[in-house]
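A short worksheet on the structure shown next.
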Amino acid sequence: MVGSLVSNRAGVAILSIILGVLFAWLIAPFVFTHLPHDRAQIGIVVKRMREKPRLAVIGNSVAMYGVQLHANLASPGQMIAESVMIASELRDTPAIILVVTPWQLATPSTPNYEGWNAWWMYGLRPSAETRSLAGMPDTTDAEERFRSRWAVRASFESAFARGKTNDEVWQGSEQFAVDPRQRGLIEAVAKRRNIIVVLAPLSPIVRAHYGDAFKSVRFANTRTIDASELLQQHELRDATHPTPAGAQKLTRFIEEQLY
């Protein structure tokens, strides 16, 4: 009798756990898209991609805050592989502006699973061609819903991080060189899409850190516009991001170079 009661309780507990996991899996997309985390901008980018813009801007937060065009598809921390993924999917966009920074080009990295997961959870379904080009792993909706639980942790971390500052420190100098994989990604997508590369404006301290090598960077299959020395210190709100006035100046500069 007692054994049967314990067995029934255990069965109910197991069933409750299974139902709880199933429920969490079903509502994962809703939870993900409504939680505050540092990849929320990706949701806006995916929506803008569906509008098939005539001119698009891709890149990290420097491009996001620095280029004032409606079809701004940049996002914080956007890596070259993510920019290439976006460009590859913009089949009907006549011109794509890729704003690059020296730290993006020099870093031999690719987006982690959390990065790819965010794009998936916000509804992007890249073609096989794009997956192959950007190095996006094969996946399924079931796997990505399960992986999306990282957003819950990130949301709590974001809440506790409010009010904290992240002061950038640019000390000494660094020998700059474009990572071969990053170069390969840009030149590969430039064979398929009309890419215009813009070398991002840098503050004097960042220019001193990297030296003159960045401004001379060029890529095959595409045109490169050097804006590295365009802005003065008062036109930058920190070492890397333009002020609104700096963004207006950078936007005008790009438009003048295009037309």
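The values are calculated or read from the model by the stated rules, or taken from the named source; none is laboratory data. Keep in mind that this is a model prediction, so the values were computed, not measured. For neighbour counting, all protein chains shown are included, and Cβ atoms are generated from backbone atoms with ideal geometry for every residue, glycine included.
A quick yes/no check of all residues on (1) among the hydrophobic types (A, V, I, L, M, F, W, C); (2) over 21 Å from the mean Cα position of the chain (by Cα); (3) within 25 Å of residue 90 (Cβ to Cβ); (4) in a loop (DSSP other than H, G, I, E, B):
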{"site": "202", "(1), (2), (3), (4)": "yes, no, no, yes"}
{"site": "212", "(1), (2), (3), (4)": "no, yes, no, yes"}
{"site": "245", "(1), (2), (3), (4)": "yes, yes, no, no"}
{"site": "251", "(1), (2), (3), (4)": "no, no, yes, no"}
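Of the residues 111, 137, which single one is at pLDDT below 90, buried (at least 20 other Cβ atoms within 10 Å of the Cβ) and outside any helix (DSSP H, G or I)? Spell out the reasoning first.
Details: 137 fails: buried (at least 20 other Cβ atoms within 10 Å of the Cβ).
Criteria check complete, one pass: 111.
Looking for whichever is free of Cβ contacts under 8 Å to residues at least 60 places away in the same chain and either over 20 Å from residue 217 (Cβ atoms) or aromatic (Phe, Trp, Tyr) (or both) here; the options are 124, 69, 90, 133. Which one fits? It would help to see each step written out before you state the result.
Values: 124 fails: free of Cβ contacts under 8 Å to residues at least 60 places away in the same chain; 69 fails: free of Cβ contacts under 8 Å to residues at least 60 places away in the same chain; 90 fails: free of Cβ contacts under 8 Å to residues at least 60 places away in the same chain.
The conditions single out 133.
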Whichever residue in the range 121-131 is in a helix (DSSP H, G or I) and modelled with pLDDT of 90 or more and, among such residues, is surrounded by the most Cβ atoms within 10 Å (Cβ to Cβ):
130
Can you tell me which residue is surrounded by the fewest Cβ atoms within 10 Å (Cβ to Cβ) among those in the range 219-246 that are more than 19 Å from residue 100 (Cβ to Cβ) and touching an Asp or Glu at 6+ places or on another chain (Cβ under 8 Å)?
245
Given the conditions (1) closer than 27 Å to residue 212 by Cα; (2) modelled with pLDDT of 75 or more; (3) part of a loop (DSSP other than H, G, I, E, B), and given that residue 187 satisfies all but one, which numbered condition is not satisfied?
(3)
Could you please let me know if residue 75 is touching a residue at least 24 places away in the same chain (Cβ under 8 Å), hydroxyl-bearing (Ser, Thr, Tyr) and either surrounded by 24 or more Cβ atoms within 10 Å (Cβ to Cβ) or under 14 Å from residue 133 (Cβ atoms) (or both)?
yes
With assigned to a loop (DSSP other than H, G, I, E, B), over 25 Å from residue 229 (Cα atoms) and in the same structural domain as residue 252 (by TED's automatic domain parsing) as the only criterion, which of 53, 76 stands out?
53
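Could you grab me the full set of residues in the range 174-183 that are assigned to a helix (DSSP H, G or I) and over 18 Å from the mean Cα position of the chain (by Cα)?
Within the range 174-183, just 180 meets the criteria.
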